[in-house]
Amino acid sequence: MKDNKDTLSAFWFVISNAVRPIGFFLYFRHRKTHPNKAKRALTSAMIGVPIAILGGYIMNTFILN
């Protein structure tokens, strides 16, 4: 039987990707009790940084000008 308490839900994965401070907060909140959940939140937050930079560049260069 698999323990589902140490997995980050899809909702929080998307939220931590879109709003990076929430991902970092979830990492620091769950890093000792649920290490897999914390790792996934941190990974999602770190992946969101280059996506936000690229999205901002595309918006400023091509769409807003």
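Which pairs turn up if I take residues in the range 21-50 that are of a type in the set (Gly, Ala, Ser) and look for partners that are open to solvent by 100 Å² or more (accessible area, probe 1.4 Å) with beta carbon separation below 6 Å, at least 6 apart in sequence or on another chain?
So the pair list comes out as 38/31.
With the requirement that a residue be part of a helix (DSSP H, G or I), over 10 Å from the mean Cα position of the chain (by Cα) and not small (Gly, Ala, Ser), what does the range 2-24 give you? It would help to see each step written out before you state the result.
The initial filter retains those residues of the range 2-24 that are part of a helix (DSSP H, G or I), namely 4-6, 10-18, 20-24.
Those left that are additionally over 10 Å from the mean Cα position of the chain (by Cα): 4-6, 10-11.
Once the filter is applied, which keeps residues that are part of a helix (DSSP H, G or I), over 10 Å from the mean Cα position of the chain (by Cα) and not small (Gly, Ala, Ser), the range 2-24 yields 4, 5, 6, 11.
Considering only the range 52-65, state which residues are open to solvent by 100 Å² or more (accessible area, probe 1.4 Å) and in a helix (DSSP H, G or I).
Selection gives 53, 54, 57, 62, 63.
Which ones in the range 12-32 are basic (Lys, Arg) and open to solvent by 70 Å² or more (accessible area, probe 1.4 Å)?
Once the filter is applied, which keeps residues that are basic (Lys, Arg) and open to solvent by 70 Å² or more (accessible area, probe 1.4 Å), the range 12-32 yields 29, 31, 32.
The values are calculated or read from the model by the stated rules, or taken from the named source; none is laboratory data. In this text the structure is predicted, and so the values were computed from the model without any measurement. Reconstructed Cβ throughout: ideal geometry from the backbone, glycine too, with neighbour counts over all protein chains shown. Remember, those area values only see protein heavy atoms, side chains included, never the ligands or the DNA or RNA. Shrake-Rupley method; radii C 1.70, N 1.55, O 1.52, S 1.80 Å.
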